[in-house]
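Let me begin by presenting the structure, written as structure tokens, before commenting on it.
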Amino acid sequence: MTETFGDVENRFDQWRERYIEKAAQSGVSGETLERAKPYLVLDPDIHARQSNQAEFALNISDYLDRVVTLQRVSKGRATFRNQRQILNDIAEAYRVDPQVILAIWGVETDYGRVRGEHSVLTALGNLAHNGHRADFFETELTTALSIIDGGHVEADAMLGSWAGAMGHGQFMPSSFLSFAVDHDRDGRRDIWSNDPTDGLASIANYLAQHDWHESQPWGIEVLLPDGFDFTQTGPEHRLPISDWNGVGVRTMEGTALPDYGDASVLCPSGAAGPAFLVNHNFHVILTYNRAEAYGIAVGHLSDRLAGSRDKITPCPEGLTPLTRSQMAELQARLTAAGYDTQGADGFTGPNTRAALRAYQSANGQVPDGFATLDLMNGLIQSA
């Protein structure tokens, strides 16, 4: 029997009553719960968005073209001029370079322009009621209510994305509690208002708390030597710069690599695409968002905002990675073929890269851990 909207509404109402009782037991005040009740309402659009997120697959060049646009660079430089005093003050207070603060702000919200218009309480309530990772979102909802309890924002002003990310830095409530700061000392950690001061300082504090190394680069594009061992690429492989210099990895100018401690070589679009040597600060950016392409985009944008005119070498035409659903299918097929990926979640982590490389090596391919439709078709044909 098909479930009607009324049935879903009844289930949501039952969940809400149970949840309010649990939230009260966890310490959320009755006053806050009363203010929150009008926002704990069913919104089918939230579930539709979670279930129907558009899948797209971009190589690193196409991704950077989409995220680090000339308009975003120009706007960021203008924003830096307008916010110079605030950014320099925050950078000095937290010992985090202002360009990376600005770059995260630019990538997350287009410098505060797109902070989200959904009620965070409504979004989290719907995802907690019937979404993927419902327990996670219920915990985030309770945290959001505790933030209102703390007087940092009113319920009607707690706005963000349909998935509950809030304010200038797009923090989830738990990240807000851990890293948001009251930089302007008005008694509230206000990351939502048009004044970006607390939001920018909170981004800086997040990076500082994850051990940002001031005045050190995130990474650089590099040249790889002929015969390079691609099994050593990926963020999980960190080696001393002397090792990378020793095997012939060089800057784009052909010189020896600068030494900022142990580093990783990334080939986010495989052996045919550009290669990057990434340092400690890149790994800090990955704690903000674990996608390697995101980390490279933030790093590249921060360089451009600082005045760099360097362009990333483009990928060859037609080089397209798999979508998440295709990757999940590939993981299942690799595992069935004897190359265990330790799960099929659609994400290319260390286990999947290792399985891909083993398959590629066994089939006479460059073991770069990069999955393509041709590789998928080869697996299908050999099954």
*Taking the radius of gyration and the Kirkwood hydrodynamic radius from Cα positions alone, what is the Rg/Rh ratio for the chain, to two decimal places?*
1.01
*Have a look at Met172, Met327, Met252 and tell me which one the Gaussian network model of the chain (Cα, springs below 10 Å) gives the largest fluctuation.*
Met252
_If I model a spin label as a point 7 Å beyond the Cα along the Cα-Cβ vector, how far apart are those points for Arg66 and Asn377 in nm?_
2.3
*Counting only residues 5 or more places away or on other chains, whose amide H sits under 5 Å from the amide H of Leu159 once H atoms are built in the peptide plane?*
Val120
*asked:* If I build a Gaussian network model for the chain, linking alpha-carbon pairs within less than 10 angstrom, which residue out of Glu329, Glu117, Glu17 has the largest mean-square fluctuation?
replied: Glu17
*How far is it, in nm, from the label point at Phe136 to the one at Asp229 when both lie 7 Å from their Cα along the line to the Cβ?*
3.5
*Whole number in Å², please: accessible area per residue of the chain, 1.4 Å probe, ligands, DNA and RNA not counted.*
47
*asked:* I'd like to know how segment 49-134 sits against the 2.2 N^0.38 Å rule of thumb: what's its Cα Rg over that expected value?
replied: 1.42
*Scaled radius of gyration (Cα, divided by 2.2 N^0.38 Å) that segment 20-82 gives*: 2.00
*Per the Cauchy relation, a quarter of the hull surface: what is the mean projected area of the convex hull of the alpha carbons in segment 130-193, in nm²?*
4.4
*asked:* Given a 10 angstrom Cα cut-off, can you work out which residue in Phe347, Phe80, Phe56 is the most mobile in a GNM of the chain?
replied: Phe56
*Starting from the eigenvalues of the Cα gyration tensor, five times each then square-rooted, give me the equivalent ellipsoid semi-axes of segment 271-370, largest first, whole Å.*
29, 16, 12
*Evaluate the relative contact order of the chain (contact order divided by residue number), counting alpha-carbon pairs under 8 angstrom at least 6 apart; express in whole percent.*
15
*Quick one: what are the phi-derived ³J(HN,Hα) couplings along segment 137-153, Karplus 6.51/-1.76/1.60 with θ = phi - 60°, whole Hz, x for glycine and proline?*
5, 5, 5, 5, 5, 4, 5, 4, 5, 5, 5, 5, 4, x, x, 7, 7
*Please find the FRET efficiency linking Asp340 to Lys37, where r is the Cβ-Cβ separation and R0 is fixed at 41 Å, and quote it to the nearest 0.05.*
0.30
_Taking 0.36 nm per residue of sequence separation and subtracting the Cα-Cα distance, how much length would be gained by fully extending the chain between Leu58 and Ser361, in nm to one decimal?_
106.6 nm
*What residues qualify as long-range amide H neighbours of Ala275, i.e. H under 5 Å apart, gap of 5 or more or another chain, H built at 1.01 Å from N?*
Val222
*At a Cα cut-off below 25 Å, give the lysines reachable from Lys37, other chains included and same-chain residues fewer than 8 away excluded.*
Lys22
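Do the sum for the chain: with -39,500 (n - 2.57) for every DSSP H run of n ≥ 4, divided by all residues, what is the mean residue ellipticity at 222 nm, to the nearest 500 deg cm²/dmol?
When only DSSP H runs of four or more count, the value is -15500 deg cm²/dmol.
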*Computed over the Cα atoms of segment 198-277, what is the convex hull's projected area averaged over all directions, in nm²?*
6.4
*Which lysines have a Cα less than 20 Å from the Cα of Lys311, not counting those fewer than 8 places away in the same chain?*
Lys75
_the chain, accessible surface, carbon-and-sulfur percent (1.4 angstrom probe)_ = 47
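Would you kindly state how much longer the chain becomes between Asp259 and Ala157 on full extension, computed as 0.36 nm times their sequence separation minus their alpha carbon distance, in nm to one decimal? Write down the numbers at each step before the final one.
Values: separation 102, 0.36 × 102 = 36.72 nm, distance 4.64 nm.
Length difference between fully extended and current span is 32.1 nm.
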*asked:* In 10 Å bins starting at zero, report the fraction of Cα pairs in segment 139-262 per bin as a rounded %.
replied: 12, 32, 17, 17, 17, 5
*Report Rg(Cα)/(2.2 N^0.38 Å) for segment 322-383, keeping two decimals.*
0.94
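Which longest run of the chain has no exposed loop site in it, a site being trypsin sites (Lys or Arg not before Pro) in a DSSP loop with at most 14 other beta carbons within 10 Å, and the site itself not part of the run?
That would be 186-289.
The values are calculated or read from the model by the stated rules, or taken from the named source; none is laboratory data. Worth saying up front: this structure is predicted, and the values here are computed from it rather than measured. For neighbour counting, all protein chains shown are included, and Cβ atoms are generated from backbone atoms with ideal geometry for every residue, glycine included. In case anyone asks, the SASA skips ligands and DNA or RNA and just uses the protein heavy atoms, side chains included. Shrake-Rupley method; radii C 1.70, N 1.55, O 1.52, S 1.80 Å.
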